[in-house]
1. Out of Ser150, Ser146, report the one residue that is modelled with pLDDT of 75 or more, buried (at least 16 other Cβ atoms within 10 Å of the Cβ) and touching a Cys at 6+ places or on another chain (Cβ under 7 Å).
2. Go through the stretch 1-116 and tell me which helices (runs of 4 or more DSSP H), entirely inside it, have 3 or more residues that are at pLDDT below 75.
3. What number of residues in the stretch 155-179 are more than 15 Å from the chain's Cα centre (by Cα), aromatic (Phe, Trp, Tyr) and modelled with pLDDT of 75 or more?
4. Could you tell me whether any residue of the stretch 137-146 is within 21 Å of Gly45 (Cβ to Cβ) and under 17 Å from the mean Cα position of the chain (by Cα)?
5. Do we have any residue at all in the stretch 166-175 that's farther than 23 Å from Ala91 by Cβ and buried (at least 17 other Cβ atoms within 10 Å of the Cβ)?
6. I'd like to check something: does the stretch 113-132 contain any residue that is loosely packed, with under 14 Cβ neighbours inside 10 Å and of a type in the set (A, V, I, L, M, F, W, C)?
Amino acid sequence: MIAMLISSFLTYTLITAFTPGPNNILAMSSVTQYGFRRSISVLSGMSLGFFVIMVLCAVFTLSLVTVLPIFMGWLKWIGAAYILWLAWKIAKSQTSTSKAEVKPISFWMSFWLQFVNVKIILYGITAISTFALPYSNNILVIFGMSIILSVIGIAGNLAWALAGHYLQIVFSKHGKVINYILSVLLVYCAIKIVI
(Lines give C-alpha, C1' and ligand atoms only; values in the text may rest on other atoms or scores of the structure.)
Protein backbone atom coordinates (compact mmCIF):
# COMPACT_ATOMS: atom_id res chain seq x y z
CA MET A 1 0.00 0.00 0.00
CA ILE A 2 2.72 2.51 0.98
CA ALA A 3 4.90 1.50 -1.98
CA MET A 4 1.98 2.08 -4.35
CA LEU A 5 1.25 5.47 -2.76
CA ILE A 6 4.90 6.56 -3.05
CA SER A 7 5.04 5.31 -6.64
CA SER A 8 1.88 7.25 -7.57
CA PHE A 9 3.15 10.35 -5.79
CA LEU A 10 6.52 10.28 -7.57
CA THR A 11 4.91 9.60 -10.95
CA TYR A 12 2.56 12.56 -10.56
CA THR A 13 5.13 14.99 -9.18
CA LEU A 14 7.96 14.13 -11.57
CA ILE A 15 5.77 14.31 -14.65
CA THR A 16 4.24 17.58 -13.50
CA ALA A 17 7.58 19.13 -12.49
CA PHE A 18 9.55 18.13 -15.59
CA THR A 19 6.99 18.80 -18.34
CA PRO A 20 6.78 22.20 -20.03
CA GLY A 21 5.24 24.90 -17.93
CA PRO A 22 5.74 28.61 -17.29
CA ASN A 23 8.62 28.16 -14.81
CA ASN A 24 10.48 25.60 -16.88
CA ILE A 25 10.19 27.65 -20.04
CA LEU A 26 11.16 30.86 -18.22
CA ALA A 27 14.20 29.10 -16.69
CA MET A 28 15.34 27.74 -20.05
CA SER A 29 14.69 31.00 -21.87
CA SER A 30 16.51 33.12 -19.29
CA VAL A 31 19.59 30.87 -19.24
CA THR A 32 19.58 30.67 -23.03
CA GLN A 33 19.36 34.45 -23.38
CA TYR A 34 21.59 35.63 -20.56
CA GLY A 35 23.66 32.65 -19.47
CA PHE A 36 23.45 30.64 -16.26
CA ARG A 37 25.35 33.11 -14.05
CA ARG A 38 23.22 36.12 -15.03
CA SER A 39 20.06 34.05 -14.58
CA ILE A 40 20.78 33.03 -10.99
CA SER A 41 18.56 35.84 -9.68
CA VAL A 42 15.67 34.64 -11.86
CA LEU A 43 16.17 31.04 -10.75
CA SER A 44 16.57 32.04 -7.09
CA GLY A 45 13.43 34.18 -7.09
CA MET A 46 11.53 31.42 -8.84
CA SER A 47 12.75 28.84 -6.31
CA LEU A 48 11.90 30.92 -3.25
CA GLY A 49 8.50 31.77 -4.71
CA PHE A 50 7.91 28.11 -5.49
CA PHE A 51 8.70 27.14 -1.90
CA VAL A 52 6.42 29.86 -0.47
CA ILE A 53 3.58 28.72 -2.74
CA MET A 54 4.04 25.10 -1.63
CA VAL A 55 3.94 26.16 2.03
CA LEU A 56 0.82 28.24 1.37
CA CYS A 57 -0.76 25.28 -0.41
CA ALA A 58 0.08 23.10 2.58
CA VAL A 59 -1.31 25.57 5.12
CA PHE A 60 -4.45 26.54 3.22
CA THR A 61 -5.40 23.38 1.32
CA LEU A 62 -8.35 22.60 3.56
CA SER A 63 -9.79 26.10 3.28
CA LEU A 64 -9.04 26.31 -0.45
CA VAL A 65 -10.91 23.08 -1.07
CA THR A 66 -14.07 24.59 0.40
CA VAL A 67 -13.89 27.69 -1.83
CA LEU A 68 -12.11 26.00 -4.74
CA PRO A 69 -14.75 26.54 -7.44
CA ILE A 70 -14.82 30.33 -6.91
CA PHE A 71 -11.08 30.60 -6.30
CA MET A 72 -10.14 28.48 -9.29
CA GLY A 73 -12.29 30.49 -11.68
CA TRP A 74 -10.33 33.68 -10.96
CA LEU A 75 -7.03 31.91 -10.62
CA LYS A 76 -7.35 30.32 -14.07
CA TRP A 77 -7.81 33.69 -15.76
CA ILE A 78 -5.02 35.37 -13.80
CA GLY A 79 -2.71 32.44 -14.52
CA ALA A 80 -3.61 32.43 -18.20
CA ALA A 81 -2.91 36.18 -18.39
CA TYR A 82 0.49 35.66 -16.74
CA ILE A 83 1.37 32.87 -19.16
CA LEU A 84 0.33 34.99 -22.16
CA TRP A 85 2.47 37.88 -20.82
CA LEU A 86 5.39 35.50 -20.46
CA ALA A 87 4.84 34.20 -24.02
CA TRP A 88 4.85 37.77 -25.33
CA LYS A 89 8.07 38.59 -23.42
CA ILE A 90 9.82 35.49 -24.80
CA ALA A 91 8.62 36.11 -28.37
CA LYS A 92 9.81 39.73 -28.21
CA SER A 93 13.14 38.98 -26.50
CA GLN A 94 16.34 39.68 -28.36
CA THR A 95 18.54 36.80 -29.46
CA SER A 96 21.65 38.92 -29.71
CA THR A 97 24.83 37.26 -28.52
CA SER A 98 25.77 40.47 -26.73
CA LYS A 99 24.49 39.77 -23.23
CA ALA A 100 25.61 43.11 -21.78
CA GLU A 101 22.79 45.06 -23.43
CA VAL A 102 19.82 43.58 -21.57
CA LYS A 103 19.16 42.07 -18.17
CA PRO A 104 16.97 39.13 -17.18
CA ILE A 105 13.90 39.78 -15.06
CA SER A 106 14.63 40.50 -11.42
CA PHE A 107 14.64 38.19 -8.42
CA TRP A 108 11.45 39.79 -7.09
CA MET A 109 9.67 39.68 -10.44
CA SER A 110 10.33 35.95 -10.79
CA PHE A 111 9.35 35.50 -7.11
CA TRP A 112 5.99 37.28 -7.46
CA LEU A 113 5.20 35.58 -10.76
CA GLN A 114 4.88 32.33 -8.80
CA PHE A 115 1.72 33.65 -7.15
CA VAL A 116 -0.14 33.61 -10.47
CA ASN A 117 1.42 30.40 -11.78
CA VAL A 118 -1.60 28.12 -11.92
CA LYS A 119 0.46 25.06 -12.76
CA ILE A 120 2.43 25.07 -9.51
CA ILE A 121 -0.57 26.04 -7.40
CA LEU A 122 -2.55 23.12 -8.83
CA TYR A 123 0.55 20.93 -8.44
CA GLY A 124 0.69 21.74 -4.72
CA ILE A 125 -3.03 21.54 -4.03
CA THR A 126 -3.42 18.29 -5.96
CA ALA A 127 -0.43 16.56 -4.39
CA ILE A 128 -1.29 17.60 -0.85
CA SER A 129 -5.00 16.83 -1.12
CA THR A 130 -4.40 13.50 -2.91
CA PHE A 131 -1.27 12.11 -1.31
CA ALA A 132 -1.20 13.64 2.20
CA LEU A 133 -4.58 14.72 3.55
CA PRO A 134 -6.34 11.36 3.09
CA TYR A 135 -3.72 9.79 5.36
CA SER A 136 -2.77 12.55 7.79
CA ASN A 137 -3.74 16.09 8.69
CA ASN A 138 -0.70 16.53 10.94
CA ILE A 139 0.83 19.93 10.16
CA LEU A 140 4.37 18.51 10.23
CA VAL A 141 3.47 15.85 7.65
CA ILE A 142 1.78 18.46 5.45
CA PHE A 143 4.73 20.87 5.81
CA GLY A 144 7.15 18.02 5.00
CA MET A 145 5.11 17.32 1.88
CA SER A 146 5.45 20.97 0.82
CA ILE A 147 9.23 20.74 1.18
CA ILE A 148 9.35 17.56 -0.93
CA LEU A 149 7.12 19.18 -3.57
CA SER A 150 9.41 22.24 -3.61
CA VAL A 151 12.55 20.16 -4.08
CA ILE A 152 11.01 18.20 -6.96
CA GLY A 153 9.62 21.35 -8.63
CA ILE A 154 12.87 23.28 -8.29
CA ALA A 155 14.75 20.28 -9.72
CA GLY A 156 12.48 20.48 -12.78
CA ASN A 157 13.27 24.19 -13.20
CA LEU A 158 16.99 23.56 -12.89
CA ALA A 159 16.85 20.72 -15.41
CA TRP A 160 15.29 23.06 -17.96
CA ALA A 161 17.79 25.81 -17.09
CA LEU A 162 20.68 23.39 -17.62
CA ALA A 163 19.18 22.32 -20.93
CA GLY A 164 19.17 25.99 -21.93
CA HIS A 165 22.77 26.33 -20.76
CA TYR A 166 24.12 23.29 -22.58
CA LEU A 167 22.16 23.95 -25.75
CA GLN A 168 23.13 27.63 -25.84
CA ILE A 169 25.08 27.28 -29.12
CA VAL A 170 21.99 25.87 -30.84
CA PHE A 171 19.86 28.62 -29.34
CA SER A 172 22.27 31.34 -30.44
CA LYS A 173 21.94 30.16 -34.05
CA HIS A 174 18.19 29.54 -34.03
CA GLY A 175 17.11 31.70 -31.08
CA LYS A 176 14.27 33.58 -32.69
CA VAL A 177 12.62 30.41 -33.99
CA ILE A 178 13.05 28.71 -30.62
CA ASN A 179 11.60 31.74 -28.82
CA TYR A 180 8.56 31.61 -31.09
CA ILE A 181 8.15 27.88 -30.46
CA LEU A 182 8.41 28.42 -26.68
CA SER A 183 5.90 31.27 -26.94
CA VAL A 184 3.45 29.09 -28.86
CA LEU A 185 3.83 26.37 -26.21
CA LEU A 186 3.02 28.93 -23.53
CA VAL A 187 -0.03 30.17 -25.44
CA TYR A 188 -1.14 26.53 -25.65
CA CYS A 189 -0.67 26.21 -21.85
CA ALA A 190 -2.76 29.35 -21.30
CA ILE A 191 -5.56 28.06 -23.53
CA LYS A 192 -5.58 24.68 -21.77
CA ILE A 193 -5.89 26.40 -18.38
CA VAL A 194 -9.04 28.33 -19.24
CA ILE A 195 -10.75 25.61 -21.28
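The values are calculated or read from the model by the stated rules, or taken from the named source; none is laboratory data. It should be emphasised that the depicted structure is a prediction, and the values quoted were computed from it without experimental measurement. FYI the Cβ positions are ideal-geometry reconstructions off the backbone, even for glycines, and counts take in every protein chain you see.
1. Just one listed residue meets the conditions, Ser146.
2. It comes to 40-92.
3. Looking only at that region, the number is 1.
4. Yes, the conditions are met somewhere in the stretch 137-146.
5. no
6. No, the stretch 113-132 contains no residue that is loosely packed, with under 14 Cβ neighbours inside 10 Å and of a type in the set (A, V, I, L, M, F, W, C).
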